[in-house]
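Throughout, read-outs are computed from the coordinates displayed, never taken from laboratory work. Everything numeric here is computed off the predicted structure, so don't read it as measured data. Note that each Cβ is placed from the backbone with ideal geometry, even for glycine, and that neighbours are counted across all protein chains shown.
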Amino acid sequence: MLPLSDCLFCKIAEGTIPSRKVYEDEAVVAFHDIQPQAPVHLLVIPKKHIATMNDCAAEDQALLGHLLLSARQIAQEAGLAEDGYRLINNCGRDAGQVVFHVHWHILGGGKLGPLNAAEQAQG
């Protein structure tokens, strides 16, 4: 894992790397993904650096709840709530986590396909 000073999402949260922010409060930042996988693809991150969900502690409970409620609000403000959206957290390399700063993907804006090849074969 990268040292904290090299964390891309920490730099976005502190404003030293530009992003297309859609939401910010005292604990959370949300912005457009630079490699969107859906018509709307937003990332929701805590300003506090936590590498993965496995690194969350009991002291992070309120922050994690705030993140999820913020994601719901952000999806609603993006016009995704009525038709639906995905909220995804990848934990670890094998799950596809690329940036080791805990974050959630909000994907929507159209009918989303299956998550894996087995679902595709059935469809």
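What GluC sites (Glu not before Pro) does the range 1-85 have in DSSP loop regions with at most 16 other beta carbons within 10 Å?
Numbers: sites: E14, E24, E26, E59, E77, E82; in loops: E26, E82.
Taking the range 1-85 and a limit of 16 other Cβ atoms within 10 Å, the loop GluC sites (Glu not before Pro) found are E26, E82.
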Task: Projected label distance in nm at N89 and Q35, using a 7 Å step from Cα toward the beta-carbon - done: 2.2
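Looking only at Cα atoms, what is the convex hull volume of the range 3-119 per residue, in Å³?
Details: hull volume 13.6 nm³, N = 117.
It comes to 117 Å³ per residue, whole-number rounded.
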- [ ] Evaluate the charge dipole of the range 4-122 about its Cα centre and quote only its size in Debye, nearest 20, assuming +1 on the Cβ of each Lys and Arg and -1 on the Cβ of each Asp and Glu.
- [x] 220
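Take the Cβ-Cβ distance between A57 and E26 as r, set R0 to 25 Å, and report the resulting FRET efficiency rounded to the nearest 0.05. Don't skip to the answer; put the middle values down first.
Numbers: r = 19 Å, r/R0 = 0.78.
Here the calculated transfer efficiency is 0.80.
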Open item on the list: Using a Gaussian network model on the chain with a 10 Å cutoff between Cα atoms, which of K48, K21, K111 fluctuates the most?
Closed with: K111
Task: Net charge over other residues, Cβ less than 14 angstrom from the Cβ of Q61 (K, R count +1; D, E count -1) - done: -2
